[in-house]
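The values are calculated or read from the model by the stated rules, or taken from the named source; none is laboratory data. Everything quoted here is computed from the prediction, not taken from an experiment. Neighbour counts are summed over all protein chains in view; Cβ atoms, including those assigned to glycine, are modelled from backbone coordinates with ideal geometry. We work out accessible area using only protein heavy atoms, side chains counted, and drop any ligands, DNA or RNA first. Shrake-Rupley method; radii C 1.70, N 1.55, O 1.52, S 1.80 Å.
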Amino acid sequence: MPGRAGLASVLAVGLLLVLLGLAWALACRDTAVASVQTQATGYRMPVNSATRGELRALPGIGRVNAGYLVTHRDQHGRFDDAQSLTEVRMIGRKTADAVERWVVFD
């Protein structure tokens, strides 16, 4: 009966991978919807008052970079322009340029 035990193990691993994939998709869903809504409506996000969750909707900004932005803002104060975003860890010129059209420096 080792064949059945092996098959059960393969099926269990497969089921686990499917469940992990579903959990990941659900976690990303809200960010993706917010990103599409932001870009479709032309809404410009106030970068100096946005939450981590809101910042995640910006192009090139994920969970980690949103955290870096909020932490930097809390420690160093408001962002004045797109160039000031590059002072944040992991935010380079390319990302700052991509974000610039979707934010307002309130």
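Remark: spin-label model distance A8-Y43 equals 5.0 nm, labels positioned 7 Å along the Cα→Cβ axis. Heavy-atom accessible area for D106, with the other protein chains in place and a 1.4 Å probe, reaches approximately 70 Å².
In loop segments of the stretch 54-106 as defined by DSSP, the GluC sites (Glu not before Pro) with at most 13 further C-beta atoms inside 10 Å of their C-beta are E87. Maximal additional length on extending the Q83-F105 stretch stands at 6.8 nm, based on 0.36 nm per residue less the C-alpha distance. Coordinate range of the alpha-carbon atoms in the stretch 46-93 per principal axis, descending: 21, 20, 16 Å.
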